[in-house]
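The structure appears right after this line, and notes come after that.
The values are calculated or read from the model by the stated rules, or taken from the named source; none is laboratory data. Quick caveat: nothing in here was measured; it's all calculated off a predicted structure. Here the Cβ positions follow ideal geometry from the backbone for every residue, glycine too, while neighbour counts run over all protein chains shown. Just the protein is used for accessible areas: all its heavy atoms, side chains included, with ligands, DNA and RNA removed. Shrake-Rupley method; radii C 1.70, N 1.55, O 1.52, S 1.80 Å.
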Amino acid sequence: KKQVNHTIHAHEATVYAEDEISVNERLTLYPGVRGSLFRVENKNYFSLEPRFSTQYRWNDHWVVKASYSVMSQYVRQLRSSMLNMPTDLWIPANDKIKPMKSHQCVLGIYYHPRGQWHLSLEGFYKTSNNLVEDYNGLDIIPEYQNWEENIHLGKGRTYGLEWMLQKTGGKTNGWMNYTL
């Protein structure tokens, strides 16, 4: 059995490439790909993560953007319910805890009138696999040694809307956001 407070050495290397393709003066495409390699305890995890976004400019004031991306996460945090104790535990992917993988889509509309005001509305939808759900309600404390046996992996989805009003010029600058 592993001790909770022992050090696990892990390394991550990533590479990212993206291109900008102007189809015409209104439509621009941004295809890309990210590759990541995570090495922990003599085991390698590799992920190829495509990314794609596009922008369509209706006119000088209105822009529509859409994107799709695949993302991987190799290190996650387990939180303890114990108060004022530095007992959060960072766990890397291993034989029992697979890397989290997410797929995300975003669609947004942006209004930029002449001047210093900007308004945007974005919606997103994200699915995830290999989420760390719970650990049977147990507190992660330094003496607890069987934490890996109490972790459950699951699936999840997240979705929402966000709007933003921003002022970029003049004597007063700032923004207001709301996320649902």
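Computed from label points 7 Å out along Cα-Cβ, the spacing between Asn129 and Thr172 is 5.0 nm. In the context of the full protein assembly, Arg26 retains an accessible surface of approximately 110 Å², using a probe radius of 1.4 Å and ignoring ligands and nucleic acids. Highest mean first, the peptides 98-106, 117-125 sorted by other C-beta atoms within 10 Å per residue fall in the order 98-106, 117-125.
Quickly work out the Asn42-to-Glu149 label distance, labels modelled 7 Å from Cα along the C-beta direction, and quote it in nm with one decimal. Calculated label separation equals 2.4 nm.
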